[in-house]
Amino acid sequence: MHRRTLAFGLCLTLLASGCRNVTQTAMPASPATRPIRLPMGYIPSVQYAPLYMADERGYFADAGLSLDFDYSFETDGVALVASDELQFSLASGEQVLLARAQGLPVVYVLAWWQDYPVGIVAISESGIREPADLKGKHVGIPILGGASYVGYRALLKGAGLPQDIATLDVIGFTQVEALLAKTVDAAVIYVNNEPIQLESKGIDVTVMRVADYAHLASNGLITNEKTVQTRPELVRAMIVPMLRGIKEAIAEPDAAFLASKGFVEGLEGETALVQRKVLDASIEFWKTDRPGYSDASSWSTMQDVLLEMGLLSAPLDLSRAFTNEFLP
Amino acid sequence: MGTDLALRRLNKNEPEDRKRRLSRLARDPWLVPIAAVLGLVLWQGITYWTQLPSFILPSPLQVIRRFVDTAADGSLLRNTVATLSEVLGGLALGLTTALSLGYWLAKSRQAEKLLSPYIVASQSIPVVAIAPLLVIWFGPGRLSKILISALIIFFPVLVNTIVGLRSVPEELRDLMRSLRATRWQTFRLLEVPAALPVLFGGLKVGATLAVIGAVVGEFVGADEGLGFLINVARGLYDTALVFVCLAVLVGMALTLFGIVALLERRFCSWQESGRSL
């Protein structure tokens, strides 16, 4: 009897503590701020410096938002936004179209990266200088899907080359190791990342950028149709500090890198030198005369590539996939 | 079949009513499919009443439709065969290595003392952490997946082999010695039969783990297999296809488990009848 009472008391205590946690989570960080969990799609990285900078300088707080950076998978972020569990996520252009094709009501509201950061890298001594040199070669790719695959296919299409010009080897995210071990002749990479890592090891590389062959909708901020319709002020509140962060990161790369140190572990010594170059290369993709603006032609090209790849079965209403109406 | 196994594992001291319930289940095999159908109806009802979008929870009908589509275009069969070949390759490699090493370790205390710390330490390494390295070392083809699959089943089979061989009663070894049995005769007529029940326990775990190992390898980097297909489906927000792949993987693991259980019934029938060695 005594034991049963004790167990009952323990259950009540657990229940009460659970309720208290729920209450704490549901409460905003302060009466004036609204918590926003933002799926980033990748691990903590200097590539997110504008967001770190805007957060550190209090721009999100000024807009009444308290940001919680969530480094989960891109597809999970898109699904959470589509189901209105979350209101915002970072996502690439192809994800928006693929998601909408499956009925996910996501809307791209801010173009952060002006061009597609994917490319093909080869070690210079391999003799590969341009896409045509890939004929008969083995090209490593992380996965037969996502931005890497779309970028690869778009590059070949833009260069007027057949899609079977090279053999694709799916190697996971081991491009640098695979190139160094010479198990592949070239690899599909992020232009602002792997080539810099290879160069930091003293290796000369040739980089072929997708951006030089096709203008594709790239990474930016997405929300869902419900938020667009019912809470447009929230979308604006999110966009304004983000744009400010992007502009200031471009203008003050040193400060942007310093801000990243508060969010990214291990930015010291040799790593700091490499990551600083990663930031500089990333900044090149953010520069534009019209920050945040989505170019309709980049969406149209993206759709063409996805249709040709068979990832879309029919054209979509692109006007519903993106909007510039929330830009200041 | 599952209920039969559960029955066999029942301890004699367990309550009679539980035994009765299980024996009733064994007598009425249609209860299992009925439960499955009820589960499907409940699932369909949930998706109908909650109106959840299909990318969150597809209905059973949507999953069945996707199953038919992928079966018709051949992609499901192609990827299932790829995964199955990796699983069988992993099982063959993992079992051969674990059984041989297990026999040696069971016989030699010195070898066990020398190697067991390393073997146990190797088990603390998560397979997902080492899988990308295996892909780099052995290439992106099927070999790296076979190795990952073999690695994941190695430990449970090894441990069960050692435990099984060491569980042979000493008096029976004395009997074999008094009969002047050769080493081979002792192995074939005493050690193998005595170790089989425990060994089959390890095999059952290994058979299901091998499927997980192959899929982990395919997640890291592959252009075929059910793990690859799940990755593609996730990228396309095709949750119904993810469910199809999961169902096939479950079916594959259950089939392998069932085959081991059948072999156990075939080779350990003496144990079921309650006879001892």
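Summary of computed values
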quantity	calculated
Entries of A:247/A:277; A:137/A:287; A:201/A:287; A:157/A:182 with Cα pairs more than 23 Å apart	A:137/A:287; A:201/A:287; A:157/A:182
Chain B: relative contact order as a whole-number percent, Cα under 8 Å and 6+ apart	24 percent
Calculated FRET efficiency for the pair residue A:76/residue B:28, C-beta based, R₀ 35 Å, to 0.05	0.25
Per-residue average of Cβ from other chains inside 10 Å of B:134-141	5
Shape of the range A:118-212, Cα gyration tensor, a/c cut at 1.5	rounded
Residues of type aspartates and glutamates that residue B:145 reaches as a straight line, Cα spacing below 15 Å, ignoring anything fewer than 8 places off in the same chain	A:169, B:86, B:218, B:223, B:224
Per-pair calculated FRET efficiency, R0 = 30 Å: residue A:203 and residue B:129 via Cβ, rounded to 0.05	0.70
Normalised alpha carbon radius of gyration of the range A:220-270 [divisor 2.2 N^0.38 Å]	1.56
Within the range B:167-186: backbone nitrogen closer than 18 Å to the residue B:115 label point (7 Å, Cα to C-beta)	B:167
Pair residue A:247, residue B:247: separation of 7 Å Cα→Cβ label points (nm)	5.4 nm
Whichever aspartates and glutamates have a C-alpha closer than 19 Å to that of residue A:226, once near sequence neighbours (fewer than 8 apart) are set aside	A:76, A:84, A:85, A:317, A:325
Approximate shape of the range B:60-272 as ellipsoid semi-axes (Cα gyration tensor, √5λ), whole Å, largest first	39, 21, 12
Whole-number percent relative contact order across chain A, with pairs defined as alpha carbons under 8 Å at least 6 apart	26 percent
Reachable aspartates and glutamates, given that their alpha-carbon falls under 16 Å from the alpha-carbon of residue A:261 and they are not under 8 places away in the same chain	A:55, A:56, A:252, A:270, A:280
Sequence-separation-based contact order of the range A:116-177, relative, with Cα cut under 8 Å and 6+ spacing, percent	42 percent
Percent breakdown of C-alpha pair distances by 10 Å bin, ordered from the shortest bin, for the protein assembly as shown	3, 13, 20, 22, 19, 12, 8, 3, 1, 0
Net charge contributed by nearby residues that have their C-beta within less than 11 Å of residue B:105 (K/R +1, D/E -1)	+3
Largest-first principal axis extents of the Cα set of chain A (Å)	78, 46, 44
Packing rank of A:306-313, B:75-82, B:116-123, where each peptide gets the mean count of other beta carbons within 10 Å, highest leading	B:75-82, A:306-313, B:116-123
Proxy reagent accessibility, fewest Cβ within 10 Å first, across B:103, A:48	B:103, A:48
For chain B, built as a Gaussian network whose Cα springs stay under 10 Å, the top-fluctuating residue of B:87, B:248, B:41	B:41
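Any read-out appearing in this document is the output of simple, stated calculations on the displayed coordinates, not a laboratory observation. Computed from a predicted model, the values in this text were never measured in an experiment. With ideal geometry, Cβ positions are generated from the backbone for all residues, glycine too; neighbour counts draw on all protein chains shown.
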